[in-house]
1. Starting from the Cα of A:Met1, step 7 Å along the direction of its Cβ; do the same at B:Glu419; then give the gap between the two resulting points in nm.
2. Can you give the direction-averaged projected area of the convex hull of the alpha-carbon atoms in region B:374-504, in nm²?
3. With θ taken as phi - 60° and the coefficients 6.51, -1.76 and 1.60, list the Karplus ³J(HN,Hα) couplings across region B:312-329 in order, rounded to whole Hz; mark glycine and proline as x.
4. Compute a Gaussian network model of chain A, connecting alpha carbons closer than 10 Å, and tell me which residue from A:Val128, A:Val63, A:Val425 fluctuates the most.
5. Could you run the Karplus curve 6.51 cos²θ - 1.76 cosθ + 1.60 with θ = phi - 60° over region A:289-295 and give me ³J(HN,Hα) per residue in whole Hz, x for Gly and Pro?
6. So what's the back-of-envelope 222 nm ellipticity for the protein assembly as shown, counting only DSSP H runs of four-plus at -39500 (n - 2.57) apiece and dividing by all residues, rounded to 500?
7. P(r) of chain B in 10 Å steps, Cα pairs, percent per bin?
8. Sorted by average packing, counted as other Cβ atoms within 10 angstrom per residue and highest first, what order do B:182-190, A:290-298, A:17-25, B:103-111 take?
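Here, each number is a calculation from the coordinates, and none is a lab measurement. What you see is a predicted model, and the numbers here were worked out from it, not measured in a lab. Cβ sites come from the backbone with ideal geometry, for glycine too, and all protein chains shown count toward neighbours.
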Amino acid sequence: MRYLPHTDTDRKDMLDAIGVASIDDLFVDVPDAGRLDGLIDLPLKQGELQVERAMSAMSSKNVSASSVPFFVGAGAYKHHIPSTVDHLIQRSEFLTAYTPYQPEISQGTLQTLFEFQTQVAQLTGMDVANASMYDGSTACAEAVMMAARVTRRMKAVMAGNVHPHYVEASKTLAKYSDVEIEVTEPGLGGLETLINAIDDETACVVVQTPDVFGQLHDLRAISEAAHAKGALVIAAFTEVVSLGLIEAPGAMGADIAVGEGQSIGVGLNFGGPYVGLFACKDDRRFIRQMPGRLAGETVDADGRRGFVLTLSTREQHIRRDKATSNICTNAGLCSLAFTIHMTLLGEKGLKQMAVINHETACSLADALDGIDGVEVLNDAFFNEFAVRLPKNANEVVDALAKVGVLAGVPASRLFPGQFEDVLLVAATEINTDEDIAIFDKALRSVL
Amino acid sequence: MPMNTQGRPTRMADNIATGGYAETTSGSKGLEQAEPLIYERGSAEQTGVDLPEPKCTPNRLGGLARQSELGLPGLSEPETMRHYVRLSRKNYAIDLGLYPLGSCTMKHNPRLNEKMARLPGFADVHPMQPASTVQGAYQVIGELAHWLMTLTGMPGVAMSPKAGAHGEFCGMMAIRAKLDADGQTHRRRVLVPESAHGTNPATAVQCGFTVDEIPADDTGRVDMEAFKAKLGDDVAGIMLTNPNTCGLFERDIREIADLIHEAGGYFYCDGANFNAIVGRVRPGDLGVDAMHINLHKTFSTPHGGGGPGSGPTVLSEALAPHAPVPYVVQNGNDWELVEHEADAAGEPFGRMAAFHGQMGMFTRALTYMMSHGSDGLKQVAEDAVLNANYIQARLKHVMTPAFDGVCMHEALFDDRFLEGTGVTTLDFAKAMIDEGYHPMTMYFPLVVHGAMLIEPTETESKSGLDRFIDVLEALSLAAKAGEKERFQAAPVHAPTKRLDETRAARQPVLRWTPSTDDELQAAE
């Protein structure tokens with residue numbers, strides 16, 4: 001087997017050195033119930049070529065985003081990623097290192113994490129960020145639990161237009177805790193009903209902008225209302241590129257910002273791995289209750305700057321049953337990809353990318369709005385919006401897939417039994433005028 | 001002393017005079033380049049991408065255009081490349097050398113896995129595409145599920161957990177859901193050995209359980225008498241790592257499973273150490289009800305500096321109906337995705353995260369499994385165990401194994417051999433850095449004093465192990481010979497000297513701010 005260095009002679013010499021006769025003597029502690037005769041019933045080893053053929057056969061059954069006009073979003077977005085990113089994250093020193101438990105030989109990872117934390121804080125308008133969570137949905141769930149710990153209140157209110165997967169992940173994490181989650185009715189409307197749901201028991205209110213329908217929200221009124229009742233505001237986002245163009249959660253009063261970083265550097269990957277972003281205000285109560293790893297600055301024995309993992313007394317390996325979260329491994333390499341792509345973009349590139357996204361979405365909205373019976377439902381959006389169709393959106397998406405257009409996500413796939421004529425459509429810098437024209441024409445033909 | 005903006009002496013004479021570590025004017029040392037933060041290097045005007053000029057059409061942002069500052073520095077492409085390549089060189093990595101971090105299974109990461117994960121049909125597909133356009137992606141999930149269930153001898157598997165700890169959460173949630181469905185709402189106590197990973201107690205609490213610790217016996221295994229004494233009708237189950245964190249197989253595992261089942265509880269097995277037994281022992285035969293599998297350990301997906309991981313969780317007949325959504329099912333030739341609790345055949349406890357799990361890790365792990373096959377995987381376990389025992393056998397005359405007898409895939413030493421030397425486990429570990437090795441896991445498990453947990457994995461050659469053994473032997477002898485200063489000063493050959501972790505925690509600096517720069521200027 002090509003990954004196993006020992007020859008049979010090596011194995012024999014090593015068994016001799018140990019002082020046992022056979023490998024079975026090293027498995028003596030396995031009870032009879034666990035002993036197998038022979039091999040488990042699975043295929044035998046194969047060479048690179050054979051494996052490559054089998055994997056490629058499965059890959060070729062899928063329609064990749066780059067091969068067709070592509071408008072699918074709803075929590076994951078197709079963006080162009082500079083080639084430098086994938087090259088750098090495949091550097092052995094990044095790819096095959098582990099969590100930087102020995103900081104003196106992990107400064108590469110630690111410094112990039114420190115850069116990542118700073119970038120996330122800047123983007124969200126927050127003071128500090130952690131070294132990543134699994135994804136946006138689990139970051140959101142952890143934020144709800146953190147808000148309950150900080151406020152010592154047990155009621156969370158989530159807006160109905162937060163991505164349903166984020167709501168479900170939060171409910172799962174809270175399911176057997178003392179935290180109760182209330183979710184308001186979904187829809188494209190404003191956040192007024194949410195304000196009414198806040199009372200003196202509310203730990204936090206969770207809002208998303210752009211929301212799952214792509215609609216933008218001003219969070220200032222809700223922040224004021226929440227803070228007046230002593231509740232925290234958690235601002236979620238699924239499209240981090242939006243922060244290059246729309247107001248930062250921190251500037252609109254949010255206390256914790258959580259979201260998905262997949263758009264920058266990571267790619268679609270059929271839903272994972274992604275990178276959860278988690279940032280909050282610089283408040284000692286907050287930082288001590290944060291989940292996940294934190295890289296911090298310090299000095300070495302010669303007084304020179306270096307970075308280490310820090311404040312680990314919050315974490316499971318130290319605090320065990322009293323930890324702020326059970327998270328251990330996070331999204332390390334994806335956070336590196338995020339940081340490299342963000343460094344390539346810089347402020348200038350990010351803003352430009354965001355503007356192009358918005359302009360492309362505006363062109364698409366104009367085109368679709370011009371089709372009889374099709375109505376754009378958003379009055380404000382970034383790169384994604386909802387349209388009402390004269391037919392069932394699921395059927396329309398399937399019909400369009402047959403003619404080679406991936407048109408978006410039927411809202412009913414996220415809200416079963418609701419919004420059956422609503423389609424969520426995203427446009428990014430990857431979409432050309434020609435893509436939009438093909439979509440326009442194809443949609444007319446299936447309606 | 002005159003210092004430059006990086007706080008380094010500007011004249012060589014200064015650092016010679018202070019008797020310090022030989023400094024250079026640049027801060028770099030030969031191939032090792034000093035590298036500031038991007039915030040000290042880039043600017044808001046610089047960018048490494050060329051994008052078309054925006055058309056400046058009217059916006060539809062509803063008056064919510066960003067007013068607050070971004071403050072993100074950019075770098076051109078060559079500068080970006082250099083920045084991150086320079087930083088990468090300050091990392092130790094599996095591809096550089098033996099990485100004996102116990103409990104982490106730092107094995108070779110085959111590049112075929114990377115290539116397969118990047119096929120456009122896997123890397124460039126969206127999780128919400130219509131089912132007809134992602135049949136191959138559902139198939140990968142289904143095939144990997146089949147391998148995992150067959151290797152563990154378990155009837156069900158939840159594929160969506162995003163890492164080991166997330167898999168623990170999945171398994172314990174399934175146990176909680178099953179207990180509640182059976183009206184066993186008084187069962188809230190979970191037994192966890194003292195030697196367990198911290199994630200175990202943290203997870204149990206996250207599922208609304210309380211944790212009751214079981215001590216280890218003097219062979220490093222569950223103290224059976226203490227375990228039996230803790231059984232009762234409020235017990236929800238046990239979380240047990242096997243092989244355990246001392247690197248030992250729990251000989252009484254079948255009896256533990258039977259007793260916990262008789263008591264009405266369930267058996268969660270932490271599968272972090274599955275590498276020791278893959279292809280040779282099926283946890284399902286030992287009475288396990290749930291076990292997560294770290295694809296980034298046993299199945300070689302890269303650790304990436306701390307993730308991403310992937311933690312599919314196999315489930316017994318009793319727990320499988322409570323598996324979370326989503327999951328794939330095969331219907332004739334077609335694959336389908338069950339996304340909503342209402343559409344599920346069983347009673348899912350919920351959804352763990354957005355979308356369907358760590359697809360990028362699934363493709364890598366499946367590639368690895370197909371490469372090894374059932375014969376190769378069995379050899380993996382055998383060579384991993386052989387390597388650990390070889391290290392233990394060859395070092396036991398100079399270091400002190402924590403327990404007698406053979407070990408599994410990890411060799412655990414305590415610090416008795418350092419007694420009276422003035423050298424601690426930490427010092428010993430840092431001295432290994434100077435010898436060009438990543439240290440073993442230190443001070444874990446907690447049940448062993450000054451623990452040093454060495455997991456070589458199966459991908460180390462005999463000659464590589466011999467070199468490593470020679471180094472540890474030499475260090476042990478040096479410690480015993482009274483060379484404690486060398487250990488206490490270590491590392492001196494790493495990119496930094498020993499870092500002050502206490503200061504980092506007492507005065508947390510968790511991000512760069514412009515004032516950091518100002519302070520440096522002022523110091524100058």
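1. Taking the two extended label points, one gets 4.1 nm.
2. Working: hull surface 37.2 nm².
The orientation-averaged projected area of the Cα hull of region B:374-504 comes to 9.3 nm².
3. Running phi through 6.51 cos²θ - 1.76 cosθ + 1.60 with θ = phi - 60° gives x, 10, 7, 9, 6, 3, 5, 9, 3, x, 9, 4, x, 7, x, 8, 9, 10 Hz.
4. A:Val63
5. With coefficients 6.51, -1.76 and 1.60, one gets 9, 5, x, x, 7, 9, 8 Hz.
6. On the way: 31 runs with 350 residues, N = 971.
Calculated mean residue ellipticity at 222 nm is -11000 deg cm²/dmol.
7. Pair shares across the bins are 3, 15, 23, 23, 20, 11, 4, 1.
8. Working: B:182-190: 15.6, A:290-298: 24.3, A:17-25: 13.9, B:103-111: 21.8.
Ranked from most to least packed, the peptides come out as A:290-298, B:103-111, B:182-190, A:17-25.
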